[in-house]
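Following: one structure in structure tokens, then a few remarks.
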Amino acid sequence: MQPINEQGFTIIELITVIVLLSILAVVAFGRLGSLSQFDSRAYYQDVVGALQYAQKLAVGTGCQVQVTFTSNSYALHQRQTGCTTGAYTRPVMNPAARGSHYQADAPDGVAISPALTFRFLPDYGVEPLGTDQEFDVGGRKFSVIVDTGAVDAL
């Protein structure tokens with residue numbers, strides 16, 4: 001009779017590996033923190049990207065773009081009838097997400113300050129801001145430069 005060489009893992013080895021992987025998973029997920037940190041960062045980047053697009057749209061089309069910040073949302077609009085008349089009621093479409101427009105509510109626990117309305121001008125300016133304006137979105141800051149309309153993410 002020849003000895004039989006059995007290959008594979010014993011049940012004890014398999015259970016040990018599963019227990020170790022479970023411990024590692026618990027530790028790793030505990031260090032990730034809450035998903036609200038990711039939501040806050042993503043919303044900040046969304047706001048900054050929207051404003052950068054609004055400034056470029058105003059310069060590129062020759063039409064003003066109005067930005068409205070509330071304490072928990074933002075929206076971009078242009079004049080309803082042409083570039084020079086009508087209320088700012090036509091939503092600015094998001095070229096990355098076809099069919100949707102630049103308007104979003106902040107995630108829970110994220111606030112925008114200050115809450116105000118301003119317009120990017122075709123000649124690179126911003127009105128009615130008198131000086132460069134710093135904004136805070138969920139603890140992250142950016143500035144809008146009045147003379148150029150540039151959005152400076154700090």
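Observations on the structure shown:
- Picking from residues in region 123-143 that are in a strand (DSSP E or B) and farther than 18 Å from P107 by Cβ, the one that is nearest to the chain's Cα centre (by Cα) is S143.
- Odd one out for A96 among (1) loosely packed, with under 10 Cβ neighbours inside 10 Å; (2) hydrophobic (A, V, I, L, M, F, W, C); (3) modelled with pLDDT of 90 or more: (3)
- Qualifying residue in region 108-129 (condition: in contact (Cβ under 8 Å) with a residue 40 or more places away in the chain, touching a His at 6+ places or on another chain (Cβ under 6 Å) and closer than 21 Å to D152 by Cα): no
- The set of residues in region 81-99 that are within 30 Å of G139 (Cβ to Cβ) and assigned to a loop (DSSP other than H, G, I, E, B) comprises V92, N94, P95, A96, A97.
- Taking region 109-121 as the range and being at pLDDT below 95 and of a type outside the set (A, V, I, L, M, F, W, C) as the test, only G109 passes.
- Some residue of region 58-80 being in a loop (DSSP other than H, G, I, E, B), surrounded by 17 or more Cβ atoms within 10 Å (Cβ to Cβ) and either modelled with pLDDT of 95 or more or not acidic (D, E) (or both): yes
- Pairs meeting the criteria (first residue in region 134-154 and aromatic (F, W, Y), second residue exposed (fewer than 14 other Cβ atoms within 10 Å of the Cβ) and not in a strand (DSSP E or B), beta carbons under 6 Å, at least 6 apart or on different chains) are F142/L154.
- Of the residues making up region 99-147, those that are surrounded by fewer than 14 Cβ atoms within 10 Å (Cβ to Cβ) and under 18 Å from V59 (Cβ atoms) are D123, E127, D147.
- Positions within region 100-122 being out of contact with any Leu (no Cβ under 6 Å at 6 or more places or on another chain), of a type outside the set (S, T, Y) and not in a loop (DSSP other than H, G, I, E, B), in sequence order: H101, Q103, A104, D105, I112, R119, F120
The values are calculated or read from the model by the stated rules, or taken from the named source; none is laboratory data. Everything numeric in this text was worked out from a predicted model, so none of it was measured. Cβ sites come from the backbone with ideal geometry, for glycine too, and all protein chains shown count toward neighbours.
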